[in-house]
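Written out below as structure tokens is the structure these notes cover.
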Amino acid sequence: AWGENEDDPDYLTVATIAAFEPPRRILFTDYKYYAKSGPLPFQANFTTEFTIEPRPHGALLRVCQDGFPCEPVADAFYAGCEVGWRNTFEGIKRFLAN
């Protein structure tokens, strides 16, 4: 869920856990998307995969989000996802720094 008010979010996304291989991988599929502004203006089959690879001084977290249509109608949603992921990773970085 995200938006200005977390108690009344502008957007809500839920997905199915299709693969769960702790501590290395998790895959989400079968997304359902809800927004106050209405449904997405396009059809999509989103997937999001998180993988963690051990490194000598920590770990590498890789996130792959797929399933976006190539049509321009999806460009604004894609751009919003880019901002969302940037904000998410900035939050993770702040958390780990403390």
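The values are calculated or read from the model by the stated rules, or taken from the named source; none is laboratory data. The model shown is predicted, which means the values in this text are computed figures rather than measured ones. We place every Cβ from the backbone using ideal geometry, glycine too, and count neighbours over all the protein chains shown. Heavy atoms of the whole protein, side chains included, go into the accessibility calculation; ligands, DNA and RNA do not. Shrake-Rupley method; radii C 1.70, N 1.55, O 1.52, S 1.80 Å.
Out of the residues in the range 1-16 meeting the condition of being part of a strand (DSSP E or B) and within 14 Å of F77 (Cα to Cα), tell me which one is least open to solvent (accessible area, probe 1.4 Å).
Of everything passing the filter in the range 1-16, T13 is least open to solvent (accessible area, probe 1.4 Å).
I'd like to check something: does the range 55-68 contain any residue that is within 21 Å of P9 (Cα to Cα), open to solvent by 90 Å² or more (accessible area, probe 1.4 Å) and free of Cβ contacts under 8 Å to residues at least 40 places away in the same chain?
Step one: of the range 55-68, the residues within 21 Å of P9 (Cα to Cα) are none.
Within the range 55-68, not a single residue is within 21 Å of P9 (Cα to Cα), open to solvent by 90 Å² or more (accessible area, probe 1.4 Å) and free of Cβ contacts under 8 Å to residues at least 40 places away in the same chain.
Matching residues to (1) open to solvent by less than 40 Å² (accessible area, probe 1.4 Å); (2) at pLDDT below 90; (3) touching a helix residue (DSSP H, G or I) at 6+ places or on another chain (Cβ under 9 Å):
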residue	(1), (2), (3)
F42	yes, no, yes
N45	no, no, no
E71	no, no, no
A76	no, yes, no
E90	no, no, no
F95	no, no, no
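Can you confirm whether T88 is touching a residue at least 24 places away in the same chain (Cβ under 8 Å) and within 13 Å of the chain's Cα centre (by Cα)?
Here the answer is no, as T88 does not meet what is asked.
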